[in-house]
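Every number in this text was worked out from the coordinates using simple rules, so none of it is lab data. Everything quoted here is computed from the prediction, not taken from an experiment. Virtual Cβ from ideal backbone geometry, glycine too; neighbours counted across all protein chains shown.
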Amino acid sequence: MGAAERVRLALWLGEIKFEDACVTQVDRPDLKIQSPFGQLPVMSIDGGPYIAQSNAMLQYIGTLAPKLCPTEQFLKVQEAIGLVDDFERALRPCIVLALEPEKLGYGITPATSLFVKESPELRTTIKALREAFLTNEMPKYCGCFSTMIQKSNGPFLCGVKPTLADCCLAPALERYTLGYIDHVPKNALDDYPVMTEYLTVFKSLPQIVAYEASKS
Ligand SMILES: N[C@@H](CCC(=O)N[C@@H](CS)C(=O)NCC(=O)O)C(=O)O
């Protein structure tokens, strides 16, 4: 979900010049065909072949901008990225259930035939699943991230300077402040003050302010 954003943030934070082609699979079906695994995002280095997988791109960016993954913090940074990926994966059924319910077994057998897209039964289940996510998964993950920030003496996941891991966590958290997911209110992060403060600090970094300004 939004795998490209972590890569963009790392490039801006690393102050690495790049050309940003913000496209979807609908705009550029050719990219999907040229992508090694049919996925976006892809990255081309100096006109070379397309490379896929956002985490591979992040590691490459880390070699260009070592401050984003200092050697002495390598394991901590990777550990934190792994946890953000778990957090993102935990939300996935909530999203897939609405977009592709058949991938979760809904609507494909007679027993689940009431659960087809737009059916009231499916809508009710989506609402219950998203509410359960907010009740059970959010406190678990926000608790882990808060502990990490506090243990590192913050304000970032791995200490005083932002790393690749923050480029992953910030956009993952921001979705809980935007209100674009049904049944996930835009104050969903308000119960986690360490997280809201963390996001504010990350978004105030001069490179991130410059990135936001570049969009307008
Ligand atoms: N693990 C990949 C996930 C990329 C991904 O799932 N991309 C989606 C769009 S955000 C996609 O291309 N899905 C189409 C497909 O897998 O066929 C990454 O981090 O780059």
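Please pick out the residue among VAL42, VAL84 that is more than 30 Å from ALA188 (Cα to Cα), crowded, with 16+ Cβ neighbours inside 10 Å and not small (Gly, Ala, Ser). Break it down stepwise before answering.
Values: VAL84 fails: more than 30 Å from ALA188 (Cα to Cα).
Checking each option against the conditions leaves just VAL42.
For the range 149-156, indicate whether the set of residues that are in a helix (DSSP H, G or I), surrounded by 12 or more Cβ atoms within 10 Å (Cβ to Cβ) and over 16 Å from the mean Cα position of the chain (by Cα) is non-empty. Walk me through how you get there before you give the answer.
To start, the set of residues in the range 149-156 that are in a helix (DSSP H, G or I) comprises 149-151.
If we keep only those that are surrounded by 12 or more Cβ atoms within 10 Å (Cβ to Cβ) too, we end up with 149, 151.
From the residues that got through so far, the ones that are over 16 Å from the mean Cα position of the chain (by Cα) too are 149, 151.
The answer is yes, given that some residue of the range 149-156 is in a helix (DSSP H, G or I), surrounded by 12 or more Cβ atoms within 10 Å (Cβ to Cβ) and over 16 Å from the mean Cα position of the chain (by Cα).
Yes or no: PRO155 of a type outside the set (A, V, I, L, M, F, W, C), over 15 Å from PHE133 (Cβ atoms) and without any contact (Cβ under 8 Å) to a residue 24 or more places away in the chain?
On the way: of a type outside the set (A, V, I, L, M, F, W, C): yes; over 15 Å from PHE133 (Cβ atoms): yes; without any contact (Cβ under 8 Å) to a residue 24 or more places away in the chain: no.
No.
For the range 10-32, how many residues are among the acidic types (Asp, Glu), surrounded by 13 or more Cβ atoms within 10 Å (Cβ to Cβ) and within 15 Å of the ligand (Cβ to nearest atom)?
Residues in the range 10-32 being among the acidic types (Asp, Glu), surrounded by 13 or more Cβ atoms within 10 Å (Cβ to Cβ) and within 15 Å of the ligand (Cβ to nearest atom): 0 in total.
Look through SER35, SER44 and report the one residue that is over 14 Å from the mean Cα position of the chain (by Cα), among the polar types (S, T, N, Q) and within 11 Å of the ligand (Cβ to nearest atom). Before the answer, list the steps.
Numbers: SER44 fails: within 11 Å of the ligand (Cβ to nearest atom).
None of the other options fit; the residue is SER35.
Kindly indicate the residue of the range 60-77 that is of a type outside the set (Gly, Ala, Ser) and touching a residue at least 60 places away in the same chain (Cβ under 8 Å) and also nearest to the ligand (Cβ to nearest atom) among those meeting that condition. Full working, then the answer.
Of all residues in the range 60-77, those of a type outside the set (Gly, Ala, Ser) come to 60-61, 63-64, 66-77.
Next, from what is left, pick out any that are touching a residue at least 60 places away in the same chain (Cβ under 8 Å): 61, 67-70, 73, 76-77.
Working: ILE61: 13, LYS67: 23, LEU68: 17, CYS69: 17, PRO70: 23, GLN73: 22, LYS76: 21, VAL77: 16 Å.
Among those residues, the one meeting the criterion is ILE61.
For residues that are part of a helix (DSSP H, G or I) and under 28 Å from GLY62 (Cβ atoms), tally how many sit in the range 167-207.
Counting residues in the range 167-207 that are part of a helix (DSSP H, G or I) and under 28 Å from GLY62 (Cβ atoms) gives 23.
Being closer than 19 Å to GLU88 by Cβ and either in a helix (DSSP H, G or I) or of a type outside the set (Lys, Arg) (or both) is the requirement here; does ALA132 meet it? Spell out the reasoning first.
Values: closer than 19 Å to GLU88 by Cβ: yes; either in a helix (DSSP H, G or I) or of a type outside the set (Lys, Arg) (or both): yes.
Against the criterion (closer than 19 Å to GLU88 by Cβ and either in a helix (DSSP H, G or I) or of a type outside the set (Lys, Arg) (or both)), ALA132 qualifies.
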